[in-house]
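Trainee: Before I ask anything, here is the structure I am working with.
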Amino acid sequence: MKRTKRMIAGLLAVTALAAVPSCSKKGGSSSAPETTAVSTEATTSALDAAKGSMDIVWLSDYDLNTAADGKPAAALEVFQQQYGGKVEYIYADHAMLSSVLEARIKAGEEVDMVPYIEGCFPENAANGYYAPLDQYYEDMGMNVPGLWDDIKDVSEQFKFNGQHYVMPYSLSDPLLITYSRKMIQDEGLEDPYTLYQEGKWDWNAFTSMMDKFVENANGTRRYGINGWFGQAALISSGSPIVKYDGTVFSSNLSDEKLNQAGQLMESVAGKQLYTKGWRDCFPTDQSTLFYAMGDWALGGSNARNLEMDLMIVPFPKAPDSDKYYLSCNFNAKMLTANSLKGKAVARYIMCERYVATSEKARTADKERALAQLKTGNGADKHYITEEQYNALRSYLDPKNITPVFDYASGMGEKVSGNGMYNYETRGVMQNLTTALLDGNGGITSWAELKESVSPTLDAEIARYNK
């Protein structure tokens, strides 16, 4: 513990860091930090093992050594300064990462660290491709006051066989609702962001707004919502599709809160409030009140709706809930099975967490996020307002909104796969979140949909309980 505290002191001596890790599933920081020399004591205490013991083989589709402008990721530069470690990069296509990892492990070829990818846990842990991190808690600084406090509980959602394989150091890619304050005001509706701040942004307020907007159509075709709605709607219940008691997995489709969320989706589909046409930004024709999508679409939505005063809110909560629940991605690095560099990977993870919480890094990230991108003729191409940015950061803070991990998202192709986007071949999770909204498979009710997918879900869960 003393060594870890000295290492943290050394980290605090790094006075100028760059942006926090990118809100992209491919991760990496957007620019590298400028650093000052750390103390000899901190460096000496860090380099406490044989030469090369802090070198890591990194398998991914992006290189930490050239994260931005050819410079190292911010966490890597901290890691290099504190431990003198290096990262050897081996490329693997994003979609093929698990199979390449499996092949290298079986061939006895070194690989120490891979990115956490949605869809790969708990499957890769059950298959023996990942190693738990529990024995390296001190090296990750888990007991250092303030370093992990606000996100430590999130890792408890990822326990498998009593151990921790995923230690998220930050959140990204939240599914949010974008709306126009101008449209809300024109329709005589209450501002969803104000309702959220007052704790009143719930399913009832959400659906009543859509109903009124459609009723006020005055001869034109209107819709309540478009975009990536189903997944976030189910997650907003706070109940995952698959639950885990630490030993046994089981279907959670009988959960009352989850059923209420499913019935909400059924109601939205039945009243034709949902329009399934794909859009990469908030609808410019003002035909749709709400746009459900990741934060990546916000900058382009602003640029194409300059006079619409856009704002973002999380998905509404259940009327009797005191919490908001967030569907998002989890930024983490995984220790691979058979790696001999567990201590090095753990300390690299600690550097990621430090960068994610550094005030200087957050300031740099904000400056980058608020920078306006222009087209060749000077028109706005992409921008985010300061109010939007501050709201987004608050939604990504586990103290404000509870992120939800669902084991079903990583239990194999039959549970979470896309299956060529066809109802008959698509995974259970994909059908639960889209079939009602898109009118797939002749399904018209949540009860019917559950009955349709339950045999497959139960059979796949049984594989994990053997």
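The values are calculated or read from the model by the stated rules, or taken from the named source; none is laboratory data. Predicted model, so just to flag it, every value in this text is computed and none were measured. Here the Cβ positions follow ideal geometry from the backbone for every residue, glycine too, while neighbour counts run over all protein chains shown.
Trainee: If you scan region 440-452, which residues turn out to be without any contact (Cβ under 8 Å) to a residue 40 or more places away in the chain and in a helix (DSSP H, G or I)?
Mentor: If the condition is that a residue be without any contact (Cβ under 8 Å) to a residue 40 or more places away in the chain and in a helix (DSSP H, G or I), then ASN440, GLY441, GLY442, ALA447, GLU448, GLU451, SER452 are the ones that fit.
Trainee: In region 424-439, what residues are of a type outside the set (S, T, N, Q) and either over 19 Å from GLU123 (Cβ atoms) or not in a helix (DSSP H, G or I) (or both)?
Mentor: Listed by number, the residues that qualify are GLU424, ARG426, GLY427, ALA435, LEU436, LEU437, ASP438, GLY439.
Trainee: Please list, ordered by first then second residue, the pairs with beta carbon atoms under 6 Å, 6 or more apart or interchain, first in region 229-251 and crowded, with 19+ Cβ neighbours inside 10 Å, second among the polar types (S, T, N, Q) and outside any loop (DSSP other than H, G, I, E, B).
Mentor: Partner pairs satisfying both residue conditions: GLY230/THR433; GLY230/THR434; GLN231/THR433.
Trainee: Can you confirm whether region 134-155 contains a residue that is closer than 24 Å to SER409 by Cα and touching a His at 6+ places or on another chain (Cβ under 9 Å)?
Mentor: Scanning region 134-155 turns up at least one residue that is closer than 24 Å to SER409 by Cα and touching a His at 6+ places or on another chain (Cβ under 9 Å).
Trainee: What residue, of ALA205, ALA217, is at pLDDT below 95, in the same structural domain as MET293 (by TED's automatic domain parsing) and within 18 Å of TYR291 (Cα to Cα)?
Mentor: ALA217
Trainee: Could you please find all residues in region 76-97 being among the aromatic types (Phe, Trp, Tyr) and more than 15 Å from VAL345 (Cβ to Cβ)?
Mentor: Scanning region 76-97 gives a single hit, TYR91.
Trainee: Hey, another quick one. For LYS323, work out the one condition from (1) crowded, with 21+ Cβ neighbours inside 10 Å; (2) under 29 Å from GLN197 (Cβ atoms) it doesn't fulfil.
Mentor: Single failed check for LYS323: (1).
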